[in-house]
Amino acid sequence: MKLYYSPGACSLSPHIVAREAGIALDLEKVDLKTKQTESGQDFLSISPRGYVPALQLDNGEVLAEGPAIIQYLADLKPESGLAPANGSMPRYRLQEWLTYIGTEIHKSYSPLFNPATPDSVREDRAAYLLRRYGLIEQTLAKQPYLLGEQFSVADVYLFVVTNWARIVKLDLSAFPALQAFQERVAARPAVQDALRAEKLIK
């Protein structure tokens with residue numbers, strides 16, 4: 001399988017999940033401005049969405065959208081414990097968190113990366129993010145991970161998007177449990193390996 005990625009983007013979450021699960025992936029970097037892959041392919045011909053991640057399966061099919069990809073990878077290795085069993089209430093809790101992170105956290109960062117975003121919109125999105133992090137802080141103050149004691153793909157997704165806070169200068173100092181969570185996840189060997197592979201750390 002091949003993962004099309006951009007360093008530090010949300011494609012980092014399936015990269016980490018694959019390493020956590022012991023799944024070997026080929027990596028191909030995508031220039032999101034030119035829509036060209038590292039090998040010179042037209043990325044739009046691979047994934048018409050034009051953004052990462054995209055996972056090319058061994059049969060040639062391409063799976064897009066991070067929450068779908070990370071669940072797919074976790075289900076390939078159920079013994080990894082990265083996702084509860086399909087059809088179980090814990091699995092729906094996982095999907096609940098993935099939806100919350102995707103719609104309330106992930107997408108709220110987008111305008112903060114755009115230099116053309118007016119200051120008023122930037123301030124509104126930052127305030128919105130801080131409100132949405134409140135629920136996560138309450139959860140992580142009671143337990144180490146979003147689903148409790150078990151590390152899951154939702155934790156990976158949260159870790160990746162929350163890493164963007166320092167890039168856009170969003171102050172998360174009011175959330176000590178979240179900050180401790182970020183440090184806990186960052187210390188995991190698979191996470192370190194993925195960060196090094198994307199040249200995000202030395």
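Kindly indicate whether Leu98 is out of contact with any Lys or Arg (no Cβ under 6 Å at 6 or more places or on another chain) and over 17 Å from Asp193 (Cα atoms).
Spelling it out, Leu98 is indeed out of contact with any Lys or Arg (no Cβ under 6 Å at 6 or more places or on another chain) and over 17 Å from Asp193 (Cα atoms).
Of all residues in segment 185-195 being within 16 Å of the chain's Cα centre (by Cα) and part of a helix (DSSP H, G or I), which is surrounded by the most Cβ atoms within 10 Å (Cβ to Cβ)?
Ala194
Restricting to segment 13-38, give me the number of residues that are acidic (Asp, Glu) and either loosely packed, with under 11 Cβ neighbours inside 10 Å or over 22 Å from Ala194 (Cα atoms) (or both).
Count: 1.
Any idea how many residues of segment 167-183 are over 17 Å from the mean Cα position of the chain (by Cα) and either within 14 Å of Ser11 (Cα to Cα) or polar (S, T, N, Q) (or both)?
Qualifying residue count for the region: 1.
Mind listing just one residue for me: the one in segment 1-12 that is closer than 12 Å to Val160 by Cβ and in contact with a His (Cβ under 7 Å, 6 or more places away or on another chain) and, of those, surrounded by the most Cβ atoms within 10 Å (Cβ to Cβ)?
Once the filter is applied, the top-ranked residue is Tyr5.
Kindly establish whether Gln41 is assigned by TED's automatic domain parsing to the domain that holds Glu137, without any contact (Cβ under 8 Å) to a residue 40 or more places away in the chain and surrounded by fewer than 18 Cβ atoms within 10 Å (Cβ to Cβ).
Judged against the criteria, Gln41 is not a match.
Of the residues that sit in segment 92-120 and are of a type in the set (D, E, K, R) and surrounded by 16 or more Cβ atoms within 10 Å (Cβ to Cβ), which one is nearest to Ala74 (Cα to Cα)?
Per the criteria, the residue is Arg93.
Give the residues of segment 48-71 that are over 14 Å from Ser6 (Cα atoms), under 21 Å from the mean Cα position of the chain (by Cα), not in a strand (DSSP E or B) and not charged (D, E, K, R), sorted by residue number.
Pro48, Leu57, Pro67, Ala68, Ile69, Ile70, Gln71
Take Leu94 and tell me if it is outside the structural domain of Asn163 (by TED's automatic domain parsing) and not in a loop (DSSP other than H, G, I, E, B).
So Leu94 does not fit the description; no.
Within segment 138-166, count every residue that is under 24 Å from Glu20 (Cα atoms), over 10 Å from the mean Cα position of the chain (by Cα) and either assigned to a helix (DSSP H, G or I) or among the hydroxyl-bearing types (Ser, Thr, Tyr) (or both).
6
Leu135 - would you say it is assigned to a helix (DSSP H, G or I) and either outside the structural domain of Ile167 (by TED's automatic domain parsing) or closer than 27 Å to Arg184 by Cβ (or both)?
So Leu135 fits the description; yes.
The values are calculated or read from the model by the stated rules, or taken from the named source; none is laboratory data. All figures in this text were calculated on a predicted structure; none of them were measured in a lab. Note: ideal-geometry Cβ built from the backbone for every residue, glycine included; neighbour counts use all protein chains shown.
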